[in-house]
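FYI, it's all coordinate maths here, none of it is from the lab. The structure presented is a predicted model; accordingly, all values stated were derived computationally and were not measured. As a convention, Cβ positions derive from the backbone with ideal geometry for all residues, glycine included, and neighbour counts pool all protein chains shown.
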Amino acid sequence: MRKTMMREIRILREYRHVNIVNLRSVFREKGKLYLIFDYIQKTLLEELQATPEGLEFDKIKLITYQIVKANNYLHEGNIIHRDIKPENLLISKAGVVKLCDFGFARPLNSAANYQYTDYVSTRWYRAPELLVGDAAYTSTVDTWAIGCIFAEIFNGMPLFPGDSDLHTLQLILETVTADDMEHD
């Protein structure tokens, strides 16, 4: 836990961006570590719960653009977040989206077939390679999660709401197979 927390603090101190939550202060008191962040009013999940039919088109574009900007900034710095989901996307009153919760974030390793832990991200936003236990993944796991979020904010429904890894993989395969059949 300590190693994970220290990695999160280091990443948040080093990678500052308008679309990444701002770590203001870190302090220890009575053996506990406290992280102080800017206060942001709500999460994308709360926004989705308030509009179950999906968001307006202009809002979808604005939110998606900001998520992609944050993700691109991290990937250019060789950082993968590994847990992009609506709960980890904060939205200010001014409509600024900020990616938060860097507990699973870590530097990308350039070694071929480097093995990461495969238990990252929330199941509904987990890339297929993670669902099958492949630990040699890349930053594309973040891109997959963003695609899942885009679909969800468009119609208000999670794209692959599986109740297990196997069920989620089944939903993905059914979607891909149905799409392939339409194009044949």
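Can you compute the charge dipole magnitude of region 40-183 about its Cα centre, using +1 on each Lys and Arg Cβ and -1 on each Asp and Glu Cβ, nothing else charged? Give it in debye, rounded to the nearest 20. Write out the running numbers ahead of the final one.
Details: 11 positive and 20 negative charges, 139 e Å.
Taking the Cα centre of region 40-183 as origin, the dipole is about 660 debye.
Exceedance of the 31 Å cut-off in Cα-Cα distance is limited, within the set K3/K42; K69/K93; K3/K61; K30/K69; K3/K93, to K3/K61; K30/K69; K3/K93.
Determine the shape class of the chain: with a ≥ b ≥ c the square roots of the Cα gyration tensor eigenvalues, call it rounded for a/c under 1.5, and otherwise prolate if a/b is greater than b/c, oblate otherwise.
Working: a/c = 1.94, a/b = 1.26, b/c = 1.54.
It is oblate, given that a/c is not under 1.5 and a/b is not larger than b/c.
Projecting label points 7 angstrom from Cα along Cα→Cβ for E29 and T122 puts them 2.9 nm apart. Enter the angle in degrees (range 0 to 90, nearest 10) between the Cα long axis of helix 2-14 and the first principal axis of the Cα atoms of the chain, meaning the one along which they spread out most. Once rounded, one gets 90 degrees.
Helix 165-183 and the longest principal axis of the C-alpha atoms of the chain enclose an angle of approximately 50°.
Going by how many other beta carbons lie within 10 Å of each one, how would you line up L90, L12, fewest first?
Numbers: L90 23, L12 20.
Taking fewest neighbouring Cβ atoms as first place, the list is L12, L90.
Multiplying the residue separation of E14 and H167 by 0.36 nm and removing their Cα-Cα distance gives an extension gain of 51.3 nm. Near I80, the amide H atoms lying under 5 Å from its own belong to R106, L108; only residues 5 or more places off or on other chains count, and H is placed 1.01 Å from N. Each of D58, D101 was scored by other Cβ atoms within 10 Å of its Cβ. Arranged with the fewest first, they read D58, D101.
Ranked highest first by the average count of other Cβ atoms within 10 Å around their residues, in what order do 77-86, 145-154 fall? Intermediate values should be presented prior to the final figure.
Details: 77-86: 21.3, 145-154: 19.3.
Sorting 77-86, 145-154 by mean packing, highest first, produces 77-86, 145-154.
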